[in-house]
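Here's the structure, in structure tokens; my notes come after.
A short reminder: the numbers here are calculations on the coordinates, not readings from a lab. Worth saying up front: this structure is predicted, and the values here are computed from it rather than measured. Every residue, glycine as well, gets a Cβ built from its backbone with ideal geometry; the counts of neighbours run over all protein chains shown.
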Amino acid sequence: MPFKTPQSAVSNQKKRSFLSSFSKLTIILFFVGFLTGCLAANLLEDSLYAPALALFQNTLKNISSLAISRNDVFLYSCKENIKFFLLLIFFSLTNVWRLYYTGFTLYTGFSHGLLCSFCVLLYGPGGIIGYFCFLLPQVLFLAPAFLFAMRHLEALHSSWFFSEEKESAQTFFFHSKRRQLLFSKLPPLLLCVILLLCSALLEGYLNIPLLKYYHSSLY
């Protein structure tokens, strides 16, 4: 049995921790996008975002009386979650993975910044509660799923291109290593899919009633 030094033990512990350095980078990029979205919404409230804000306000006023199919919301959420997840997998196997990952994370944060700012512009500081009503409870599954996926896809990307540099693409061992690499990432990626499906289920069947209840109490 090989002897493990304290340094290697610490290194292994960091690898097993959920919030790896890459996960922390993802959170930082999200908040950079979030703050940018908040700034854009406040600066462009009366020009670029005026029609969107008016439509948003009108929708919220009538949301309690809207006939929203929970099945349709569930299916739409499933489709969107899986679509973005598959795109992340695809780009993780390309040379533009880091660019796509950065753009995806910043845009996600930016859109949430807009949503939060719209809620605050309409309802004041209490609008933050309304913002979280849009996210709960599905975000409890959605955020961990994408953080977990980003971490493993970054590892997949690094290993994929590292092996490409070290091995000849003509050898059997090279293709065998790539197959092993893909199969080793299947369990965590399948777990992400399960979390995404749970998120869609909660969005369709719990988030819609929550939104209707909250906004009916305001109007």
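A few points about this structure:
- Rounded Å value of the spacing that divides the Cα centres of segment 198-218 and segment 53-82: 9 Å
- Using a simple spin-label model with pseudo-atoms 7 Å out from Cα toward Cβ, Ile63 and Ser21 lie 4.0 nm apart.
- Evaluated at q = 0.09, 0.16 Å⁻¹, a Debye calculation over the C-alpha positions of segment 21-216 (equal weights, vacuum) places log10 I(q)/I(0) at -0.43, -1.08.
- Measuring r between the beta carbons of Val193 and Ser47 and using R0 = 45 Å, the FRET efficiency lands at 0.65.
- A crude spin-label estimate for the pair Phe90 and Leu55, with each label 7 Å from Cα along the Cβ direction, gives 2.6 nm.
- Note on Asp72, Asp46: ascending count of other Cβ atoms within 10 Å places them as Asp46, Asp72, the fewest first.
- A Förster distance of 22 Å, applied to the separation of the beta-carbon atoms of Ile129 and Ser216, puts the FRET efficiency at 0.95.
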